[in-house]
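Participant: Questions regarding the structure given below will be posed in turn.
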Amino acid sequence: MAVAQWQSSRLWAYWLGVRFSSATLDERNYMTKLNTKNLKLAIQKQGRLTEETLEFLRRSGLEFESYNQRLFSLCRNFPLEILFVRDDDIPDYVASGIVDLGILGQNILNEERPKVKKLLNLRYGFCSLIVAVPKESKINKVSDLNNKTIATTYPKSTKNFLKKNNISSEIIRISGSVEIAPALGVAEAIVDLTSTGSTLALNDLRILTKIYDSEAVLIANGKTLFNDKKGLLEKLITRFKGVLSAKNYKYVMMNAPEEILSKIKKIVPGLKSPTVAPLAKTGWISVQTVIKEEVFWETIERLKSIGAQGIIVLPIEKII
């Protein structure tokens, strides 16, 4: 084995928290055969974003194996190696160049401020960082937090929020189960992530204010944008953008009298122009087009009102 390859293998083992000597045979074989020409992507091993990230990657046409104890996975149909790691470690892996890319929550970027490039919002894993207090608390506005104790997993974001609002509070950092801090008498308020608010409700907490919204994002090491992996990165991003674009549209087929075609084009112009074909019935046409998800129902109602019939709606897998 070349010295450089051996050193690279040991470095990967260190960053992933695996002692090279105690790794499994498969892991040792993998680490000694790392292909430096492949893109390397770090994703959350187990947590809030894991399942949706795996689904997103597979919808992008990537074929790979994943199971709980796996640390590495090599894509069968694309030069990409996937690493399964703690989400808090992803910014460091990307910033240091251990991996080229990472998928993580915007909340971690806001908290850690790593020197990385954000490439895409991935439109899943939506949540918000909020300030919450007990339902019976006398804290009813942000200024009431002055001289109070706040428990959080996000001390930097909390500090920035308090500074912006000219509030002086004591911040206590807690690694997990922040929502029970008020009940234990540890803090009078918390700053934590929430998506549905169900955990807050179960712990008799109410939202005081929102600090920021978060979702899954794709980040890159700045050097990857310009080195010999740039071409691979562009191909991968094309796949990702195809999946993201498809989520914003619905594919629609309809039958309509030929005389209302001009009205249909005004309502649903399509990506460039709708596809039109004659029907067996004289004077009737079939129209195929796409509609943006955000205006889908109102557009369908407008089409029906001008005479469109037999409207069929289908999901779109990708738009390239």
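The values are calculated or read from the model by the stated rules, or taken from the named source; none is laboratory data. These numbers come from a predicted model, not from an experiment. We place every Cβ from the backbone using ideal geometry, glycine too, and count neighbours over all the protein chains shown. Accessible surface areas use protein heavy atoms only, side chains included; no ligands, DNA or RNA. Shrake-Rupley method; radii C 1.70, N 1.55, O 1.52, S 1.80 Å.
Participant: Out of the stretch 48-84, which trypsin sites (Lys or Arg not before Pro) are coil in DSSP terms and have no more than 10 other C-beta atoms within 10 Å?
Facilitator: Filter output for the stretch 48-84: R76.
Participant: Where Rh denotes the Kirkwood radius from the mean inverse Cα pair distance, what is Rg over Rh for the stretch 185-299?
Facilitator: The Rg/Rh ratio comes out at 1.22.
Participant: So if the hydrodynamic radius of the stretch 67-122 is defined as the Kirkwood radius over C-alpha pairs, what does Stokes-Einstein give as its diffusion coefficient at 10 °C and 1.306 mPa s, in µm² per second?
Facilitator: After rounding, the answer is 128 µm²/s.
Participant: Which percent, nearest 5, of DSSP beta bridges in the stretch 69-201 are antiparallel?
Facilitator: Percent antiparallel among DSSP bridges in the stretch 69-201 is about 55.
Participant: Divide by every residue of the chain the summed helix terms, -39500 (n - 2.57) for each DSSP H run of at least 4, and state the resulting mean residue ellipticity at 222 nm, rounded to the nearest 500 deg cm²/dmol.
Facilitator: My calculation for the chain gives -8500 deg cm²/dmol from helical runs alone.
Participant: Oh, and also: Taking N as the number of residues in the chain, what is its alpha-carbon radius of gyration divided by 2.2 N^0.38 Å?
Facilitator: 1.28
Participant: So, taking all protein chains as they sit and a 1.4 Å probe, how much accessible area belongs to D89, in Å² rounded to tens?
Facilitator: Its heavy atoms expose roughly 40 Å² to the probe.
Participant: In addition: To the nearest whole percent, what portion of all C-alpha pairs in the stretch 256-300 is separated by more than 18 angstrom?
Facilitator: Looking at the stretch 256-300, the distances longer than 18 Å represent 29 percent of pairs.
Participant: Oh, and also: List the residues of the stretch 209-235 whose backbone N lies under 20 Å from a point placed 7 Å from the Cα of N160 along the Cα-to-Cβ direction.
Facilitator: 209-222
Participant: Quick one: net charge of L232's neighbours, Cβ under 10 Å, K/R +1, D/E -1?
Facilitator: Here the charged neighbours net out to +1.
Participant: Of all DSSP beta bridges in the chain, what percent run antiparallel (nearest 5)?
Facilitator: Rounded to the nearest five, the antiparallel share is 75 percent.
Participant: For the stretch 128-195, which trypsin sites (Lys or Arg not before Pro) are in a loop by DSSP, counting at most 13 other Cβ atoms within 10 Å?
Facilitator: Of the trypsin sites (Lys or Arg not before Pro), the ones in loops of the stretch 128-195 whose Cβ has at most 13 other Cβ atoms within 10 Å are K135, K138, K141.
Participant: Taking all protein chains in place and a 1.4 Å probe, what share, in percent, of the accessible surface of the chain do carbon and sulfur account for?
Facilitator: 50
Participant: With 24 Å as the limit, write out which pairs from K235/K265; K117/K272; K141/K164; K40/K230; K115/K159; K263/K292 have Cα-Cα distances beyond it, or answer none.
Facilitator: K235/K265; K117/K272
Participant: If you don't mind, there's one more thing I want to ask. Using 7 Å Cα-to-Cβ label points, what is the S305/E234 separation (nm, one decimal)?
Facilitator: According to this spin-label approximation, the distance is 4.5 nm.
Participant: Amide H neighbours of S286 under 5 Å, counting only residues 5+ apart in sequence or on other chains, H built in-plane at 1.01 Å?
Facilitator: A277, L279
Participant: Please arrange F126, F56 by accessible surface area, largest first, computed with a 1.4 Å probe and ligands excluded.
Facilitator: These residues rank, largest area first, as F126, F56.
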